[in-house]
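Data first, discussion second: the structure below is written as structure tokens.
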Amino acid sequence: MKHRFHITTYGCQMNDYDSLVIESLLLSEGHEKALSIDDASLVIVNGCSVREHAEERAMGFLSSVRKETKKAKKIVLAGCLARSVENIPDFIDIAVSPTEYANFPKMVNDNFSFTEIESTGDYSGVNISSGITLLTPISKGCDNFCSYCIVPFLRGKEISFSPENILMQIKRSISKETKEIMLMGQNVNSYMYKNTDFSSLAAMVLKEFKDMRVRFITSHPKDFSIKLVEMMSENKNFCSHLHLPLQSGSDRMLSLMHRKYTIKDFTAIVDSARKLLPEITITSDIMVGLPQESEGDFQETLDAVKTLRFDDAFMYRYSPRRFTLSRYFDEVSPDEGLSRLKKLIETQLIIKKEKAEAYEVATRRKNQG
Ligand code: SAH
Ligand code: SF4
Ligand code: F3S
């Protein structure tokens, strides 16, 4: 049977990319894209598991689709969430995790048997359709095992793809619409293929695709090389943006998180980057309410945010996750966590506004000559 399918994606750019892979694989087997969920016979939710809230949103959505449509549609749970849930609820017909997509077109057949599964999770041979931004994974998995994070358990060991494959995939996937290339990995700075590190890979991409803007996400302070900022200042098509997750401003918390850098190391990167390239924008991820975070640790995070003055930040309250080490430590109360998050967001919002205003004034001055 040929299906009309609809995909809803939650989570990070890795899931966005995977949804393009699923789409391409289904289209190549003769299935069609549905105009809407109502029109679809196959409803796919590519879910994220990084925080409880992300799980609840995806599961709530799937259960409401099942209630509205009774048995008329096949319902699929995909992505990190398909791997992390303990018991797949009855209203889900198929669960497919990130390494299994190559078999997904077979799975949607009614006569599929599980013995047919054999898949590695390498999708470099799949033609994905690119919009303005071409999503390009340069590695998969993560070996960092930050104590609060479920991602390494869902995405597996870190494997860097070969530069040849990455360049070939970019060439093949660029469309008329494409204006920028986003190099993606859980930690792009630990990319290493034989002797090629991330700076060398970025240099190859910049040279080969001179008319494209090149960006990357996400950086890890412990592996970050300032050479990347030097390259940004030398290459007009290398976007002057750094997403550098701080996570906490307390060295004690950073150590409990297994982040392997100190606030001093982090500040040194930010200072050098701004010195080399004053117009660089720096954004971050920050967490509060981790087990054992004291009021003093939280104050250090607020102080760090005031000193570092990020252009923007994603801020989260800790959410306990399966498999992770943090689950075994005493938790901060949810109310305390929420009140810290509120204070953090207020502090960062003021900085964001001040920075945006200063930028506007500087641009106006520049335009007036
Ligand atoms: N690989 C990237 C992104 C990881 S997930 C990195 O290391 O930066 C994106 C963000 O979600 C993390 O940076 C962290 O701030 C947040 N996060 C991860 N696990 C979390 C948890 N258990 N609770 C709340 N936020 C979490
Ligand atoms: Fe999670 Fe840390 Fe890996 Fe990022 S680097 S995905 S936060 S374990
Ligand atoms: Fe991304 Fe969420 Fe998976 S953040 S790697 S989609 S758990």
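The values are calculated or read from the model by the stated rules, or taken from the named source; none is laboratory data. Just so it is clear, the model here is predicted, and its values are computed rather than measured. All Cβ positions, glycine included, derive from the backbone under ideal geometry; neighbour counts span all protein chains shown. Heavy atoms of the whole protein, side chains included, go into the accessibility calculation; ligands, DNA and RNA do not. Shrake-Rupley method; radii C 1.70, N 1.55, O 1.52, S 1.80 Å.
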* Structure fact -> Checking Ser49, Ser175, Ser147 against a Gaussian network model of the chain (alpha-carbon springs below 10 Å), the top fluctuating residue turns out to be Ser175
* In nm, spacing of pseudo-spin labels at Arg364 and Phe323 (7 Å Cα→C-beta vector) -> 5.1 nm
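Ignoring everything except DSSP H segments at least 4 long, calculate the 222 nm mean residue ellipticity for the chain; use -39,500 (n - 2.57) per segment, divide by total residues, nearest 500. Write out the running numbers ahead of the final one.
Details: 12 runs with 147 residues, N = 369.
Calculated from helices alone, the mean residue ellipticity at 222 nm is -12500 deg cm²/dmol.
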* Specify which residue in the list Asn189, Pro221, Ala203 is farthest towards the positive end of the charge dipole of the range 159-228, using unit charges on the beta carbon of Lys, Arg (+1) and Asp, Glu (-1), about the Cα centre. => Ala203
* If one computes the Cα centroid of the range 317-369 and of the range 245-277, what distance in Å separates the two points? -> 15 Å
* Asked: Of the listed peptides 231-243, 56-68, what is their order by residue-averaged count of other C-beta atoms within 10 Å, with the highest listed first?
  -> 231-243, 56-68
* Structure fact -> Order by accessible surface, 1.4 Å probe, largest leading, for residues Phe314, Phe323 comes to Phe314, Phe323
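Round to the nearest 0.05 the FRET efficiency obtained for Asp303 and Glu354 when R0 = 22 Å and r is the Cβ-Cβ distance.
Numbers: r = 17 Å, r/R0 = 0.76.
Working from the Cβ atoms, E equals 0.85.
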* To do: Normalising by the residue count of the range 120-181, find the relative contact order in percent from Cα pairs under 8 Å and 6+ residues apart.
  => 49 percent
* **All aspartates and glutamates inside 12 Å of Lys179 as judged from Cα atoms, apart from same-chain residues fewer than 8 positions distant** => Asp211
* Structure fact -> Sorted by number, the cysteines in the chain with no other cysteine beta-carbon under 4.7 Å are Cys12, Cys48, Cys80, Cys142, Cys239
* Asked: Where the centroid of each part is defined by its Cα atoms, how far is the range 180-226 from the range 46-86 in Å?
  -> 33 Å
* **³J(HN,Hα), Karplus 6.51/-1.76/1.60, whole Hz, each residue of the range 50-58, x for Gly, Pro** => 5, 9, 4, 4, 5, 5, 4, 4, 5
* Asked: Which of the residue pairs Lys236/Lys260; Lys157/Lys260; Lys171/Lys227; Lys171/Lys207 have a Cα-Cα distance greater than 21 Å in the structure shown?
  -> Lys236/Lys260; Lys171/Lys227
